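Let me begin by presenting the structure, written as structure tokens, before commenting on it.
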Amino acid sequence: MIHSSLAQLGAALRAKKISSVELTQTYLDRITRLNAQLNAFITLNPEASLAQARAADARLAAGTADALTGIPVAQKDIFCAKGWLTTCGSKMLHNFVSPYDAHVISQFNNAGAVNLGKTNMDEFAMGSSNETSHYGPVKNPWDTARVPGGSSGGTAAAVAARLCAAATGTDTGGSIRQPAALCGISGLKPTYGVCSRYGMIAFASSLDQAGPMGRNAEDLALMLNVMAGFDERDSTSLQRDKEDYTRDLNKPLTGLRIGLPKEFFAEGMGADVAKAVEDAIAEYKKLGAVIVDISLPNSKLSVPVYYVLAPAEASSNLSRFDGVRYGYRAPEYSDLADMYEKSRAQGFGAEVKRRIMIGTYVLSHGYYDAYYLQAQKIRRLIAQDFTEAYKQCDVIMGPTSPSTAFKLGEKGDDPVQMYLSDIYTIAVNLAGLPGMSIPCGFGANDMPVGLQIIGNYFDEARMLNVAHQYQLATDWHNRAPQGL
Ligand code: GLN
């Protein structure tokens, strides 16, 4: 059962071959056995999960089930879920029990999915290795001495280790795609505005986007059917007709134009990653695709631009965590200013503080024009490169991450090295485009490699088709870590 896809699980539930309570208990037992090794989950609430499972079973019995009714889905701990501890990986929110549901959470609840638990993550989603979490690092199930990627590392590890059927992530600069790549699973960041950000704790609001993480493209399509949709409580949520993201899965790829950006295939990418990605491109040619050489000349500026804009937005978003309106309050202080200072100094970790300081700096008088405004202008140029590229191709492909999973602690004291892990993913967020990662082989130390597929705006159904056809022809996505 634990290796089944969402479609298979849904069919088994509807055929009464298994109940949602049994399925939920199976996963809860696995989590009890394996979470100490992996640290993928921060919070479990078996009573709440099993209550949802019983309700799902009633719905299944009544014949009113949807595709995901009764299926246990884990939620990144960035999503507020009513009655659940919601920490965002931070000491600042160590005791925050959310009084309401994020839009994404209520969509899953309405669909009858079971909330299996909250997954570990980098503190406030800032990181590429899951080592900034207040709750300790997550371990990669393929090799527990290595990182799972970040910031949705708990989700990626949980899916890879079969601790849940599928799970959610969020992606501000690569946090769905990079951990998906490093853990050998599939993940999709939708077009900005497709999933509501309501109740998703804000990091950099103009970049943050929720998305599904699962074992294959079909699972992602079923998840996105639930997650996507207009919500008036998020002013950047897009009002569009509801889509069925599974509708194009089975289209042939004959004539598909795949753009390969020369900047992605230059120095920086590991030889092992290059080999796996090139093999995947060769497979696409066999499936009938044609290759187009393209250029994204400004993409090389995406990391510096992101590390001005994302901290700027974060410094504003995180100002609400002051020990009064939200969050941790220092036990001892002399006056009001001292209370703010001590609460924030004790409640936030080092990476979050670094971002708040950079963000405050680039927004301050005298530096705003030189840094923030300049970065916004380059952001536009980066987006325009993609618009030009899509005149010549249908999708863009390349590596998701320059290397496979690195060792825990390897980049911990070098923030710039860590920031470069997202060199291939960040431009997609700056442009607001959809991007995904699917497993395409193994590299050094037998660690998984991810292929990145970048689509044009609202082209998720086509990207899922492109991924699904590859997954019908290959079996990388079915490989699971041994011994768990
Ligand atoms: N790794 C990037 C960062 O640290 C992206 C994180 C994300 O997408 N949430 O900001």
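Here are a few things to note about the model shown:
- Computed over neighbours whose Cβ is under 13 Å from that of residue 254, the net charge equals +3, Lys and Arg +1, Asp and Glu -1.
- Shape class of region 272-319 from the alpha-carbon gyration tensor: prolate, with a/c at 1.5 or above and a/b greater than b/c.
- Magnitude of the charge dipole, the chain, Cβ model with Lys/Arg +1 and Asp/Glu -1, debye to 20: 580
- Positive-end ranking of 291, 311, 412 along the dipole of region 287-429, with charges on Cβ about the Cα centre, is headed by 311.
- Region 4-145: relative contact order in percent, alpha carbon pairs under 8 Å with at least 6 residues between: 28
- Cβ crowding within 10 Å, taken as a proxy for footprinting-reagent exposure, orders 245, 326 from fewest neighbours to most as 326, 245.
- Charge dipole (debye, nearest 20) of region 331-405; +1 at Cβ of Lys and Arg, -1 at Cβ of Asp and Glu: 200
- Taking region 104-153 and dividing mean pair separation by its residue count, relative contact order in percent (alpha carbons under 8 Å, at least six apart): 33
- Scanning residues 5 or more positions from residue 169 or on other chains, those with amide H under 5 Å from its amide H are 211, 213, with H placed 1.01 Å from N in the peptide plane.
- Rounded if a/c under 1.5, otherwise prolate or oblate - region 343-484, Cα gyration tensor axes: oblate
- Calculated mean residue ellipticity, 222 nm, the chain: -11500 deg cm²/dmol, from DSSP H runs (n ≥ 4) at -39500 (n - 2.57) each, averaged per residue and rounded to 500.
- In a simple Cβ point-charge model (Lys, Arg +1; Asp, Glu -1; nothing else charged), region 1-107 has a dipole of about 120 debye relative to its Cα centre.
- Sites count as exposed loop sites when they are GluC sites (Glu not before Pro), lie in a DSSP loop, and have at most 13 other Cβ atoms within 10 angstrom; the longest stretch of the chain without one is 1-231.
- Cα-based convex hull volume of the chain per residue, rounded to whole Å³: 136
- Using a cutoff of 8 angstrom between alpha carbon atoms and counting only pairs six or more residues apart, the relative contact order for the chain works out to 18 percent.
- Put a dot 7 Å past the Cα of residue 247, heading toward its Cβ, do the same for residue 340, and the two dots end up 5.1 nm apart.
- Counting other Cβ atoms within 10 Å as a rough exposure proxy, the listed residues 69, 132, 400, 236 run 236, 69, 132, 400 from fewest neighbours to most.
- Furthest towards positive pole of dipole, 470, 356, 455, structure part region 337-473, Cβ charges: 356
- On the basis of the beta-carbon distance and an R0 of 30 Å, residue 239 and residue 110 show a calculated FRET efficiency of 0.95.
- By the beta-carbon count within 10 Å of each Cβ, the least crowded to most crowded order of 355, 325, 233, fewest first, is 325, 233, 355.
- Once both labels are positioned 7 Å from their Cα atoms along Cα-to-Cβ, the gap between residue 279 and residue 381 label points is 3.8 nm.
- Global form of region 41-108, assessed from the alpha-carbon gyration tensor, a/c cut-off 1.5: prolate
- Treating each Cα of region 316-369 as one equal point scatterer and applying the Debye formula with no solvent, the log10 of I(q)/I(0) at q = 0.27, 0.32 Å⁻¹ comes out as -1.04, -1.20.
- Charge tally around residue 60: other residues with Cβ under 13 Å, Lys/Arg +1 each, Asp/Glu -1 each, net +2.
- Extension gain, residue 97 to residue 365, is 92.7 nm, computed as 0.36 nm per intervening residue step minus the present C-alpha separation.
- Other residues within the sphere of radius under 15 Å centred on the Cβ of residue 84, judged by their own Cβ, net out at 0 (K and R +1, D and E -1).
FYI, it's all coordinate maths here, none of it is from the lab. Quick caveat: nothing in here was measured; it's all calculated off a predicted structure. Neighbour counts run over all protein chains shown; Cβ positions are idealised from the backbone, glycine included.
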